[in-house]
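Single-structure report; data block below.
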Amino acid sequence: MVQVIAAMETQLSNGPTCNNASNGPSTISNNCSSPVESGSIEDSKTNLIVNYLPQNMTQEELKSLFGSIGEIESCKLVRDKITGQSLGYGFVNYVDPKDAEKAINTLNGLRLQTKTIKVSYARPSSASIRDANLYVSGLPKTMTQKELEQLFSQYGRIITSRILVDQVTGVSRGVGFIRFDRRIEAEEAIKGLNGQKPPGATEPITVKFANNPSQKTSQALLSQLYQSPNRRYPGPLAQQAQRFSRFSPMAIDGVTSLAGINIPGHAGTGWCIFVYNLAPDADESILWQMFGPFGAVTNVKVIRDFNTNKCKGFGFVTMTNYDEAAMAIASLNGYRLGDRVLQVSFKTNKTHKA
């Protein structure tokens, strides 16, 4: 707890640092996306949701941290019902609305361990706030995340934003995501910007909803991700990825499973991702750092040899949101980690089991 308060004091002196994913795999993206929707002050003036908490942070530490701002009526760290493990987010309800507002201004963007927490007003789920996430393609490669937000902010309050970058070169892929506060705002953005040319663009951009796909759409998307690695990784990287895929369980089982009747990787608690070709010394922290920038990670597990305790070459990552999981797969499949090229896919029934 002393470390938590010390981190808070350091953060307060430096200002919020909710970093961009371009700064490296140990950071999370600016306006960090949330596993639970955040909301506006009209929805709740005292109840806050806190996302991206360190995995080992306790409810007592959460209460102590936010209790330093003002009197708390209730505090809850959300845990997995079966394992009891923290899911990385919680709720804090203040007595005084002014303290809740102060907590947002003070603690939002605070860096704790390897996490940058997000603090915002909580709100109940409703039809008006669901499905407000947009997929944007055809963006100029020079467009920044700030410029993307400026382009879309005229249509409503932006909750999260992200521009995808190539993990090897760091260059924009020309694709981004925008999540609005309400669906009606997203609809207006589609009407206003789809087919238009933003400043610096030579071609019209495409703006559409990025909802969780149907089974058929999901299978088509995954097929596109995996069936042609040479298009995504030209040169030596493609050759290495192709060479590794000969021995990868993903290459044997993952692609053929796309014709199945189930959406791969989906479990009741999130979307499970299979990571293959990890080094023997790989540990859970590596997976946290790799996948954290893409969204809410609820669990990571490196599979180890019982006798040596060394990684057996693969592991699993569970993410809350489908779009974020698919984004992580698209970016990290073929990613070079040390001298190895990773194979990343949604977990299938035939994938290695823990």
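What are the residues in region 48-88 that are of a type in the set (Ser, Thr, Tyr), in contact (Cβ under 8 Å) with a residue 60 or more places away in the chain, crowded, with 21+ Cβ neighbours inside 10 Å and not in a loop (DSSP other than H, G, I, E, B), if any?
none
Could you tell me whether any residue of region 163-171 is buried (at least 20 other Cβ atoms within 10 Å of the Cβ), touching a strand residue (DSSP E or B) at 6+ places or on another chain (Cβ under 8 Å) and not aliphatic (A, V, I, L, M)?
Checked against the condition, which is being buried (at least 20 other Cβ atoms within 10 Å of the Cβ), touching a strand residue (DSSP E or B) at 6+ places or on another chain (Cβ under 8 Å) and not aliphatic (A, V, I, L, M), region 163-171 yields no hits at all.
Of a type in the set (Gly, Ala, Ser), touching a helix residue (DSSP H, G or I) at 6+ places or on another chain (Cβ under 8 Å) and at pLDDT 85 or above, is that true of Ala326?
yes
May I ask you to list the residues in region 140-163 that are among the small types (Gly, Ala, Ser) and free of Cβ contacts under 8 Å to residues at least 40 places away in the same chain?
Once the filter is applied, which keeps residues that are among the small types (Gly, Ala, Ser) and free of Cβ contacts under 8 Å to residues at least 40 places away in the same chain, region 140-163 yields Ser153, Gly156.
Of the residues Thr308, Thr269, Thr318, which single one is over 23 Å from Ser161 (Cα atoms), hydroxyl-bearing (Ser, Thr, Tyr) and at pLDDT 85 or above?
Thr308
Whether any residue in region 77-87 is under 19 Å from the mean Cα position of the chain (by Cα) and of a type in the set (A, V, I, L, M) is what I want to check.
Within region 77-87, one or more residues are under 19 Å from the mean Cα position of the chain (by Cα) and of a type in the set (A, V, I, L, M).
Please go through region 324-349 and pick out each residue that is assigned to a loop (DSSP other than H, G, I, E, B) and under 13 Å from Cys272 (Cα atoms).
Lys347, Thr348, Asn349
For every residue, the table says whether it meets (1) at pLDDT 50 or above; (2) closer than 24 Å to Ile159 by Cα.
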| residue | (1), (2) |
| --- | --- |
| Val2 | no, no |
| Ala6 | no, no |
| Glu9 | no, no |
| Ile41 | no, yes |
| Ser44 | yes, yes |
| Gly67 | yes, no |
| Leu87 | yes, yes |
| Lys102 | yes, yes |
| Leu110 | yes, yes |
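Among the residues of region 139-174, what is the count of those that are touching a helix residue (DSSP H, G or I) at 6+ places or on another chain (Cβ under 6 Å) and in a helix (DSSP H, G or I)?
Summing the residues that are touching a helix residue (DSSP H, G or I) at 6+ places or on another chain (Cβ under 6 Å) and in a helix (DSSP H, G or I) in region 139-174 gives 2.
The values are calculated or read from the model by the stated rules, or taken from the named source; none is laboratory data. Please read all numbers here as calculations on a predicted model, not as lab measurements. Every residue, glycine among them, receives a Cβ derived from its backbone with ideal geometry; neighbour counts consider all protein chains shown.
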